[in-house]
Amino acid sequence: MTDLTDSEQRLVAAVGSGEVLDLSGPGDRSVRARVVRDLLRGVLTADPDPRGVRLKGAVVEGELDLTDLRTALPLVLLACTSDEPLVLVRAHLPHCDLTGSRFRAVGAASLRCDHDLVLRDTRCERGVDLTDARISGSLVLEGAHLGNPEGPALAADGVTVGGDVVLRDGFRADATSTLGAVRLLGAAVTGQLDLRGAHLANPEGPALAADGIAVKGDVFLNEGFRAEAASADGAVRLLSARISGSLSLGGARLDNPEGPALLADGVAVDGDVLLNEGFRAEATCADGAVRLHGAAVAGQFFVEGATLRNRHEDRLCLDLASAAVGGDLALPLDALGTPDEPGRVVLDGLRYPAIPWGATLSEWLTLLRERTTTYAAQPYQQLAVVHRAAGHERDARRVLVAQQRDLRRRGDLGGPLRRALHATGGVLIGYGYRPWRALAFLLAVLGLATALVLSADANHLTAHPRAVGGDPCTLVENVGLGADIAIPLLGTGGKQRCELTTATTAGQWHLGAAYVLQVLGWAFATLFVAGYTGLVRKT
């Protein structure tokens, strides 16, 4: 190429010497895109410096199309501008740095980059496409502003990154697409996924779509992270994501007037999940503001200092159905909804190893009784298990009694007879968890039986059996007769020494009352034994 301008000749010389050509001052700043391409191909200089093409403050004329280009030279364009796209489709570069540059778009599907791909403070009005790209180093877009009125601002499905993915410190993605503002479906990140302070907005779809992403480090969606969406598919989507570190959303704000704020069903996190430090999720949908259905969290799950709100009539704020937490669980009630509109939860199938933090046992029972969408036995059973494991047997029984009361109130017990029997069991033996009640009733029957016999004796209606002589009974014998009537199992022999006479109508009435008390005695004794041995609870 012999028609090089002065600026282009200087660039050729800079590539040979390894210097950065700075055209940001006054004078001609234009460099044709084909000159940059030919330099990367090694056409314009026989012995390029390994530091590559390094250009600052230039205006790149024309489309810089590096499709299928394989080069050993890094490409560094600092604070450069172009009205055309930068095309890196299937290109193979050792390193690429576009810090502070502005392109109409960056198309880099299936790009191979041996080190870092840096788009720090880059501006692209038609988005960045990194679908199926392979980046051995880090992907850095901190401070970048990406937009796209007809698709994702950042499309990176299937991208593989050997280092960190950094979209923080003022990173902004504005898109109008049902596919999402930032797409990372099936991405594989060896380091961290860092969106601290990022702002993602999409009026027609998700703000962040990262279904199936695999991150070996931590995921940071905190410190002012904001996602604004309008989609039934969620504002932030992490369905079936695999995170080897922790997932932090402390201080984040997620808004979605048409669907969930956080949709993370099936997510697996080896560290902690933190929805704290002012985390706020606002949604309008029947599926819940924050969904972690079937999630597996090996560490802690904290919802502290947070607000989860759902404007839908069901007010479902948090869905943890079939989720598993390996560490501590903190779930204060004041995080669920507002005082005027208390939120509801789904906890059926949730498993955790220790007594939850952030709420008293009474508050947890209120949560299960009044703030769950339907009756389910498992949440009560799980709460009782952790209290029993901690040695709080009384609290465990309290939980299980509360479960039975909720079952009677909201569960399916069958017909009126079964409901009546269930209620009776609750009154008499606390559904099998308070058998001492039956013992108390049995003692009351004993007192009534003794009083009955003493009343009969006062009216000359007790006597020794004829075989003994028919003489009046002593006080001790009367008490023994009352004990035998109330508690036949005691076998004091009172009936052999003293009996009720039935020669008169009054005597017959006393005998009838004794039969009734005897039936009650048998019943309460049986209930006590059944409750004490756990037979009632098993049935």
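Of all residues in segment 180-194, none are among the charged types (D, E, K, R), more than 22 Å from ASP116 (Cβ to Cβ) and crowded, with 22+ Cβ neighbours inside 10 Å. When the strands (runs of 3 or more DSSP E) confined to segment 293-359 are screened for residues that are within 13 Å of the chain's Cα centre (by Cα) and either surrounded by fewer than 24 Cβ atoms within 10 Å (Cβ to Cβ) or modelled with pLDDT of 95 or more (or both), those reaching at least 2 such residues are found at 301-304, 316-319, 344-346.
Within the set LEU39, LEU44, the sole residue that is touching a helix residue (DSSP H, G or I) at 6+ places or on another chain (Cβ under 7 Å) and at pLDDT below 95 turns out to be LEU44. Of everything in segment 230-252 that is touching an Asp or Glu at 6+ places or on another chain (Cβ under 8 Å) and outside any loop (DSSP other than H, G, I, E, B), the residue that is farthest from ALA306 (Cα to Cα) is ILE243. For segment 183-193, the count of residues that are among the small types (Gly, Ala, Ser), part of a strand (DSSP E or B) and under 16 Å from GLY143 (Cα atoms) is zero. Scanning segment 360-389 for residues that are part of a loop (DSSP other than H, G, I, E, B), without any contact (Cβ under 8 Å) to a residue 40 or more places away in the chain and closer than 21 Å to ASN310 by Cα gives ARG371, THR374, TYR375.
The one condition from (1) part of a loop (DSSP other than H, G, I, E, B); (2) over 52 Å from the mean Cα position of the chain (by Cα); (3) touching a residue at least 12 places away in the same chain (Cβ under 8 Å) that SER24 does not meet is (2).
No other residue among ALA105, ALA79 is among the hydrophobic types (A, V, I, L, M, F, W, C) and on the phi > 0 side of the Ramachandran plot apart from ALA79. With respect to the conditions (1) of a type in the set (Gly, Ala, Ser); (2) in contact with an Asp or Glu (Cβ under 9 Å, 6 or more places away or on another chain); (3) surrounded by fewer than 20 Cβ atoms within 10 Å (Cβ to Cβ), ALA384 lacks only one, and its number is (3).
Among the residues of segment 210-229, at least one is in a strand (DSSP E or B), buried (at least 24 other Cβ atoms within 10 Å of the Cβ) and touching a His at 6+ places or on another chain (Cβ under 9 Å).
Just to verify a result, which residue in segment 134-160, among those that are over 31 Å from the mean Cα position of the chain (by Cα) and either aromatic (Phe, Trp, Tyr) or closer than 24 Å to ALA72 by Cβ (or both), is surrounded by the most Cβ atoms within 10 Å (Cβ to Cβ)? Looking at the filtered set, the residue picked out is ILE135.
Could you please find all residues in segment 216-240 being under 16 Å from the mean Cα position of the chain (by Cα) and more than 21 Å from ASP270 (Cα to Cα)? Within segment 216-240, GLY234, ALA235 qualify. Take the conditions (1) more than 26 Å from PRO203 (Cβ to Cβ); (2) crowded, with 24+ Cβ neighbours inside 10 Å; (3) of a type in the set (Gly, Ala, Ser); GLY288 misses just one of them, which is (1).
Just checking, how many residues over segment 16-61 are of a type in the set (Asp, Glu) and either in contact with a strand residue (DSSP E or B) (Cβ under 6 Å, 6 or more places away or on another chain) or more than 19 Å from ASP97 (Cα to Cα) (or both)? Number satisfying all stated conditions: 4. Considering ILE213, ILE243, the condition of being within 16 Å of the chain's Cα centre (by Cα) and of a type in the set (A, V, I, L, M) is satisfied by ILE243 alone. Applying the selection to segment 76-117, what residues are assigned to a loop (DSSP other than H, G, I, E, B), of a type in the set (D, E, K, R) and surrounded by 18 or more Cβ atoms within 10 Å (Cβ to Cβ)? The one that is assigned to a loop (DSSP other than H, G, I, E, B), of a type in the set (D, E, K, R) and surrounded by 18 or more Cβ atoms within 10 Å (Cβ to Cβ): ASP116. Restricted to segment 27-61, and to residues that are among the charged types (D, E, K, R) and not in a loop (DSSP other than H, G, I, E, B), which residue is surrounded by the fewest Cβ atoms within 10 Å (Cβ to Cβ)? Only one residue fits best here, namely ARG41. Answer with yes or no whether CYS285 is closer than 24 Å to ASP211 by Cα, not in a loop (DSSP other than H, G, I, E, B) and not assigned by TED's automatic domain parsing to the domain that holds LEU365. It is false that CYS285 is closer than 24 Å to ASP211 by Cα, not in a loop (DSSP other than H, G, I, E, B) and not assigned by TED's automatic domain parsing to the domain that holds LEU365.
The values are calculated or read from the model by the stated rules, or taken from the named source; none is laboratory data. As the structure is a computational prediction, the values presented were derived from the model and not from experiment. Every residue, glycine as well, gets a Cβ built from its backbone with ideal geometry; the counts of neighbours run over all protein chains shown.
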